[in-house]
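Worksheet for the structure shown next.
The values are calculated or read from the model by the stated rules, or taken from the named source; none is laboratory data. Computed from a predicted structure; not experimentally measured. Using ideal geometry, Cβ is built from the backbone for each residue, glycine included, and neighbour counts are taken over all protein chains shown.
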Amino acid sequence: MSLFESIILAVVEGLTEFLPVSSTAHMIFASTFLGIQKDEFVKMFQVAIQFGAILAVVVLYWRKFFNFTKLSFYIKLAIGVMPALILGYLFDDYIESVLEKPIPIAIVLIIGGVVLLFVDRWFSNNNIDDDYAITIPKALAIGFWQCLAMMPGTSRSAASIIGGMQQKLTRNLAAEFSFFLAVPTMLAVNVYSIFLKDWKYNGTEQKGYQMILSDTAHTTAFALGNVVAFIVAIIAIKFFIGFLKKYGFKMWGYYRIIVGLILLALFLSGVVTTA
């Protein structure tokens, strides 16, 4: 993976992590189109650059994250992240080994797009618009909804936002709580991928940080990728909230369906190989 390719992947991550379009799907497709060899460092890199996206949320909502007088906020996030931590630890590697292929992901993109076409209609009467009204049971329920994103192509953002709206949150509050919930979720995944997981790289088992520090190119890609993902994610979050207030989810549904159909046609026709 070249430095240019790492920047492209970081831009894709920053743009799509908090939009209801599946960042995992878009990075897999970007890797496929760029012809990036999917070695263990590339797989780890695609997870590690989420750290930059995490920082974007913390910076934009720093008053919320550093208001230590509101203990309930942290309790709700801790409760909400538990289902993903437990189920992710038990099943994530298996699910990705089965479903992290371009054709199944394109199909999931289309199905998710159809769902988004109707979300605003299904939850048009939601009235919870203050995060203090999010109870612990509601936070837990949203956490279980977030687990749907274990299926590549679903979108963690879409799953948790729909979960929030199913719990009567307004779409704006559901989106914001999805951002908040992303921080501990993605932080846990980053810690596991970088410091705990054993990756088979160059014939030996290495931790993620060992791969990052193994040569200058890897270190540079990791650092620059996170900086790029951070900057792009800030722009994407601000854009998404404004777009959501004005247009809702229907346009994202159309986007997913169109992109999914195009990609499905390309892969099934052999124009783009999935190998």
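Structure summary
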item: Sole exception among (1) buried (at least 20 other Cβ atoms within 10 Å of the Cβ); (2) touching a Gly at 6+ places or on another chain (Cβ under 8 Å) for Trp199, by number; result: (1)
item: Some residue of the stretch 59-74 being touching a helix residue (DSSP H, G or I) at 6+ places or on another chain (Cβ under 9 Å), touching a residue at least 40 places away in the same chain (Cβ under 8 Å) and buried (at least 24 other Cβ atoms within 10 Å of the Cβ); result: no
item: Qualifying positions in the stretch 155-180 - part of a helix (DSSP H, G or I) and not small (Gly, Ala, Ser); result: Arg156, Ile161, Ile162, Met165, Gln166, Arg171, Asn172, Leu173, Glu176, Phe177, Phe179, Phe180
item: Helices (runs of 4 or more DSSP H) enclosed by the stretch 4-104 - at least 3 residues per element that are in contact with a Phe, Trp or Tyr (Cβ under 7 Å, 6 or more places away or on another chain); result: 40-48, 50-60
item: Filter result for Phe195 (over 11 Å from the mean Cα position of the chain (by Cα), assigned to a helix (DSSP H, G or I) and without any contact (Cβ under 8 Å) to a residue 40 or more places away in the chain); result: yes
item: Per-region count, the stretch 140-160, residues under 16 Å from Lys76 (Cα atoms) and either basic (Lys, Arg) or touching a Lys or Arg at 6+ places or on another chain (Cβ under 7 Å) (or both); result: 1
item: Among (1) surrounded by fewer than 20 Cβ atoms within 10 Å (Cβ to Cβ); (2) modelled with pLDDT of 90 or more; (3) more than 25 Å from Val108 (Cα to Cα) - the single one Asn226 does not satisfy; result: (1)
item: Those residues of the stretch 239-275 which are in a helix (DSSP H, G or I) and farther than 20 Å from Ser22 by Cβ, in sequence order; result: Gly242, Lys245, Lys246, Ser269
item: Qualifying residue in the stretch 243-256 (condition: closer than 22 Å to Val11 by Cα, touching a Phe, Trp or Tyr at 6+ places or on another chain (Cβ under 6 Å), surrounded by 19 or more Cβ atoms within 10 Å (Cβ to Cβ) and touching a residue at least 24 places away in the same chain (Cβ under 8 Å)); result: no
item: Residue in the stretch 181-188 that is free of Cβ contacts under 8 Å to residues at least 12 places away in the same chain and part of a helix (DSSP H, G or I) present; result: no
item: Residue in the stretch 148-156 that is closer than 16 Å to Ile86 by Cβ, in contact with a Pro (Cβ under 7 Å, 6 or more places away or on another chain) and crowded, with 20+ Cβ neighbours inside 10 Å present; result: no
item: Residue check, Pro152 outside any helix (DSSP H, G or I), closer than 30 Å to Leu264 by Cα and at pLDDT below 90; result: yes
item: Residue that is modelled with pLDDT of 90 or more, surrounded by fewer than 16 Cβ atoms within 10 Å (Cβ to Cβ) and either farther than 20 Å from Ile212 by Cα or of a type outside the set (S, T, N, Q) (or both), where the choices are Val21, Val114, Val98, Val81; result: Val114
